[in-house]
Amino acid sequence: MNYIIKSILLALFVLMSFNAHAVSFSADAVQHRGTEVSHAKMFWNDGSVRFEYMGQGIPMVQIFDNNNSKVIWLDTAKKVYTERELTDQQPVPVMAGTEKKYNPCDDFPDAECTRLKSAELNERQTDKWLITFKENGRDQHVFQWIDKKHQMLVRQENPDGSVLEVKILDDQEINDRQVRRVDMNAIDSDGNSVRATQWYDPVLDIVVRQQAGYGVIDELRNIKLETVSAESLQYPKDTGLSILS
């Protein structure tokens, strides 16, 4: 088992499962990949999202229709579209979703989970857990610290010596919105580290900014609470558009 990769993925995506009750809103979606910057207008409602952007000078629309499990691309100039199934392996590419409560045993099937004690970590109150499971016939032990207030994993120590550290900063502000900042640092058994940061908006119940290494930034700006019609986020019916095979 690659403990450190498992930990990184767990931390980065613990806030990113679908949330069917998120507030309806629009925003400017900005993506940085090193020196490359892309922009799109984004509309979100009921777990589905619509992006409007320019692709090689052509106005395009991409819809992630969660209700019908479809991904749709619209060429609005030529009035054609393509589609494919939206799978669990292809989540909506926006930092959106509900902040689910973390369960220590969810990621370790057939493990034995034992709550050890309450402990203070980085000036926050946590519960310390021991997770025991067998690998190749031998017991393996993972220690986890779960933040009491937010029920988030804030530290994990793995059998191979790798460590995940998570620091939570409440009452932060970004783009004129109140957020919670979450800093993550995954350290492998050789001492190499991977860092990432998320800013979580509790009103919208989404991550409005996330930043990783090598100039990777995803951000929502100019957020406007408004009603986004369900029709604009669904499979295009009776629109005069032709489907491309």
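The values are calculated or read from the model by the stated rules, or taken from the named source; none is laboratory data. Because the structure is a prediction, the values reported are computed rather than measured. Counting neighbours? That spans all protein chains shown, and the Cβs are built from the backbone with ideal geometry, glycine included. Heads up: the accessible areas ignore ligands, DNA and RNA and are worked out on the full protein's heavy atoms, side chains in. Shrake-Rupley method; radii C 1.70, N 1.55, O 1.52, S 1.80 Å.
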>> Against the definition (in contact with a Lys or Arg (Cβ under 7 Å, 6 or more places away or on another chain) and over 24 Å from G47 (Cα atoms)), how does Q172 come out, yes or no?
In response: yes
> What number of residues within the range 171-198 are over 30 Å from D160 (Cβ atoms) and either assigned to a strand (DSSP E or B) or open to solvent by less than 20 Å² (accessible area, probe 1.4 Å) (or both)?
Replying inline: 8
>> Looking at the structure I just gave you, is D139 acidic (D, E), out of contact with any strand residue (DSSP E or B) (no Cβ under 7 Å at 6 or more places or on another chain) and open to solvent by 40 Å² or more (accessible area, probe 1.4 Å)?
In response: no
> What residue, among those in the range 90-104 that are open to solvent by less than 40 Å² (accessible area, probe 1.4 Å) and modelled with pLDDT of 75 or more, is nearest to Q31 (Cα to Cα)?
Replying inline: Y102
> So which of V207, V154 ends up being surrounded by 16 or more Cβ atoms within 10 Å (Cβ to Cβ) and modelled with pLDDT of 90 or more?
Replying inline: V154
